[in-house]
Structure formats: C-alpha cells, structure tokens
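The values are calculated or read from the model by the stated rules, or taken from the named source; none is laboratory data. Everything numeric in this text was worked out from a predicted model, so none of it was measured. Using ideal geometry, Cβ is built from the backbone for each residue, glycine included, and neighbour counts are taken over all protein chains shown.
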Amino acid sequence: MSTSSAAALIRTKREGQRLSTAQWRDLAQGIAGDTWCDAQIGAFAMAVAWRGLDFHECRDFTFALRDSGRCLTWGDLPGPVLDKHSTGGVGDCVSMALVPWVAACGGYVPMISGRGLGHTGGTLDKLESLPGYDTNPAPERLRRVVRDIGCAIVGQNADLVPADRRLYAVRDVTATVDVPDLIVASILSKKLAGGAQALVLDIKTGNGAQIPDESAAMALAARMRAVAAESGIALAVALSDMDQVLGREAGNALEVRAVVDLLCGRACDPRLRDLTLALSAELLCIGGIADDRAAATVRLRRALDSGAAAERFARMVAAQGGPAAVLEHPQRCLPQAPVQRPVMATDAGFIQAIAVRELGECVVDLGGGRRVPGAPIDHAVGLAGVRGRGERVARGEPLATVHARTESDADAAAARILRAFRVGEEPALPAPLLRWLPQAQFPRAMTATVSA
Ligand code: URA
C-alpha cells in the first residue's frame, strides 16, 4: 500500500502531474480518516481546479471516494435499484415526485439527497417542511422502508462516502464547488455507494443553473458518462432548461405542495409534470422495467391516474416520520407564511427573460435558504405562481406572489422580482424543456479532458 504524504500528493497535483490509483486511494482515506486537515483539502481542491484530472484520475478518484466508507447493497430486492440526480435549479422539486412515482412502477429508489446550495433549493430541506420527516434514519430503518415501500429520500450519513462529505464542506468555502472533475467524482461516488444500478442525470442549463454554460454542461455530461461506463451503472443524461423557474413555486413548503398536487392529479404546472414524467420514463427504460419510453410513459400515467404514485409518496412520508394526512390535508401539514403579497406587472406584453438566479437568491434572502452551512431555514417562505418565459401578461397582473415572514421582507422581495422580469411587446418563446444527450453526441475529445 502506498503511503504518500498529503503535502506530496498536493504538490504532485499542483504541478500538473498524474496521481496513481494507489495515491487516489491514500488521498480519499486520508480525507475520510481525518489525517488531512481542512487546509490541505482546500489546497488539493484548488490544485484540481487549476490542473484538471485526466479520465483515469477522475475514475480512480470516484472509486476511491466511493470506497472511503460503507457501500449499501440491495441484492435481495425484487426490482432494480434506480436513482436520479439533478445539478440543481430553482423550483426543481422533481425528485420528490419521481421517487415514489418510479417506485409505484416497480423500481426501488433509495435516494441520497442534499440540502440547498447557493441559490438552488435542496430536496432534504423541502421534505423537512413536513413536520417530523426524518432525513437521517438508522440504516436498518432505511433498509426496511425501501424494502416495504420501494423508496426513501434521506441524507448522506457519516458512513456513506465520508471523504466526499468532508471534501464537499471545504469546497463550499474555497470556491471549488463548480469544478467539473470534483462534481463528477462527488456525485457518482455517492450514487455508486448507494447501490444504484441505473441513474438519470438531469443537468440544468440557463441562467438559473449551477452550471449555466452549455458547453461546460456538455463536458460534464461526457465525463460523467465515461466514468459511469467503467463503474457498471447505466446512465442517461439530459439537459433541461433553467431560463425560467421549473414549475410555479420556489420555496420549501410551497414546492412540497406542488408535488402533492402533481401526484394527486390536481392542477399542476405542465413543465414540472412533463419533466418529471420524462425523467421517470427514461429511468424505467434504462433500469430494465420498460422496453421503451412509450411503454414506460403508459405505465407511469397508469400509476398516476390510479393514485398509486400518490399513495407511495404518502407512505414514504409517514414511514420517515412525517404527517400521515399529507395528501388529504397538505395545507394543514405544511407551514404557511404570514404575509402573501402578489407582485404586479407594471407593463403589458410578453415575458422576454427572467433572471432566475436572482429569484433563487430572493428565496434565500426571504429565509428559505442558507448563507452559512447548518443555519436554520424558514420552510414557509418563497415564491408562488411564478410566471414563465413567453407568457403574455396584462398590466397589473401578478408576476409572482411573495410568501414572506414580514412586510418588510415582502417589500424587498417584490422590488427584486420586478427587476428580475423583462416584459416586452415581441412574442418570446421558452427554451426547450429537455434534451436527451445520446452517447454519439459527445466528440471523443470531450471524454479526454474537462475544463470549467
Ligand atoms: N455537486 C457536487 O459536487 N456534489 C454533489 O453531491 C452535488 C452537486
């Protein structure tokens, strides 16, 4: 076994040289086992940001992170273990709907999710809007919930990919969150450790995305696919639009409400429903449950129309400690903000552009996200009824409704929302909601190097 010191490994990377498989293993063990201090982890992350990794290093690093803790195995389940990851957006509550919906069609989905990051929300924070929902169940309980119900959404516990847990916290404060090689290793190591056999990756592009630039998103997709191919996990990759809020709501409890409405077949934003359906269908295909997207879609629609998908959601919530009546009385189960203020358009016309990142920041500043890791959040606040790109608005018609804790918070948010929408006379078209990336679309060179 190699025993390279932290400083030697950092220097090697700083000088742009390759690390060997054994050195990547040492590095991950050192980070997980606390022999590396935070300063060393930060220096390493910055060296990767500057120098990049070649494909073999990215693969070795991914596997070393995966093996830094316990890996979950689900060998005795009667269906495939499936998962989905999104690179994060505003109003993206797809996971909460997809997980029970896919489970209702025969998949097993033990999703390890994250918290809000920057201007984008996190699934764990959203689910914690439901009083009592436990995002950190003991491993035995998680196993039982997944076996009995087919799905669970939980956080990363201390045993699962501990090296990534530490590395991620340091990346968050060293401007290295958006380094593509680190993203690939971080996401894939967790999915592999969680035991997924098939994964759908939804990479957001557009001004509200974590990676707004499309060529950077494509490069990330290529690297992700190349590493996944060596790990045995089936992977499908989509690019989806974040030049407008996905759905109509942005904020924790508001998005849970939107998911309940979707699953119960109530009025729901078509883009949110269509994206959830498309990603779920692909997952059923690559997981071997359906032969093609058409068959998968029929199966999913049946699960929605029969109430089976909604029932899975309710059982999952109850099994994880949340309220039993979430479908029947979502309003009573979820917190509501005391101030609700519509923000009216000052001009008539078509919505030409929306500063989606600004809307996400607005939710954070209302208290719906964090500026400091571990800070408490206000689950009730956010934006509802947010209008989309290309829609026609009349003067005095709401562009969105602010849900705030105080009147002065609502004033500040309303001013930002008005600035975030550009309304003009020309008709405008929204960007395509979703594009699947076929393997053949990646030039060979893209799988060789990735730059931010
Ligand atoms: N980006 C990462 O690097 N890791 C995650 O788990 C999610 C986003």
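Tell me which of these Asp365 doesn't satisfy, since it passes every other one: (1) among the acidic types (Asp, Glu); (2) in a loop (DSSP other than H, G, I, E, B); (3) in contact with a helix residue (DSSP H, G or I) (Cβ under 9 Å, 6 or more places away or on another chain). Every listed condition holds for Asp365 apart from (2).
Within 28 Å of Ala47 (Cβ to Cβ), crowded, with 19+ Cβ neighbours inside 10 Å and within 11 Å of the ligand (Cβ to nearest atom) - does that describe any residue in segment 205-219? For segment 205-219, residues within 28 Å of Ala47 (Cβ to Cβ), crowded, with 19+ Cβ neighbours inside 10 Å and within 11 Å of the ligand (Cβ to nearest atom): present. Residues of segment 22-34 that are exposed (fewer than 15 other Cβ atoms within 10 Å of the Cβ) and modelled with pLDDT of 95 or more: Ala22 alone. Among the residues in segment 179-192, are any away from the ligand (no atom under 14 Å from the Cβ), small (Gly, Ala, Ser) and in contact (Cβ under 8 Å) with a residue 12 or more places away in the chain? No, segment 179-192 contains no residue that is away from the ligand (no atom under 14 Å from the Cβ), small (Gly, Ala, Ser) and in contact (Cβ under 8 Å) with a residue 12 or more places away in the chain. Close Cβ contacts (under 8 Å, 6 or more residues apart or on different chains) running from residues in segment 155-174 that are at positive phi to residues that are more than 10 Å from the ligand (Cβ to nearest atom) comprise Val161/Leu65; Val161/Arg66; Val161/Ser68; Val161/Gly69; Val161/Ala193. From the set of residues in segment 349-376 that are touching a residue at least 40 places away in the same chain (Cβ under 8 Å) and β-branched (Val, Ile, Thr), which is surrounded by the fewest Cβ atoms within 10 Å (Cβ to Cβ)? Step by step, filter segment 349-376, then rank; the result is Val364.
Within segment 105-117, none of the residues are among the charged types (D, E, K, R), away from the ligand (no atom under 16 Å from the Cβ) and touching a residue at least 12 places away in the same chain (Cβ under 8 Å). Within segment 326-344, the residues that satisfy the criterion of being within 23 Å of Val381 (Cβ to Cβ) and outside any strand (DSSP E or B) are Val326, His329, Pro330, Gln331, Arg332, Cys333, Leu334, Pro335, Gln336, Ala337, Pro338.
Residue-by-condition table, conditions (1) in the same structural domain as Glu249 (by TED's automatic domain parsing); (2) crowded, with 17+ Cβ neighbours inside 10 Å; (3) of a type in the set (S, T, N, Q):
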{"position": "Val343", "(1), (2), (3)": "no, yes, no"}
{"position": "Asp347", "(1), (2), (3)": "no, no, no"}
{"position": "Asp378", "(1), (2), (3)": "no, yes, no"}
{"position": "Ala394", "(1), (2), (3)": "no, no, no"}
{"position": "Leu399", "(1), (2), (3)": "no, yes, no"}
{"position": "Thr406", "(1), (2), (3)": "no, no, yes"}
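Of the residues making up segment 122-133, those that are within 16 Å of the ligand (Cβ to nearest atom) and in contact with a helix residue (DSSP H, G or I) (Cβ under 7 Å, 6 or more places away or on another chain) number 3. Checked against (1) modelled with pLDDT under 95; (2) within 30 Å of Met218 (Cβ to Cβ), Ala158 meets all criteria but (2).
May I ask you to verify whether Val146 is within 20 Å of Ala196 (Cα to Cα) and assigned by TED's automatic domain parsing to the domain that holds Asp269? Taking the combined requirement at face value, the residue satisfies it. Residues considered: Val146, Val99. Of these, the only one that is more than 12 Å from the ligand (Cβ to nearest atom), buried (at least 23 other Cβ atoms within 10 Å of the Cβ) and under 19 Å from the mean Cα position of the chain (by Cα) is Val99.
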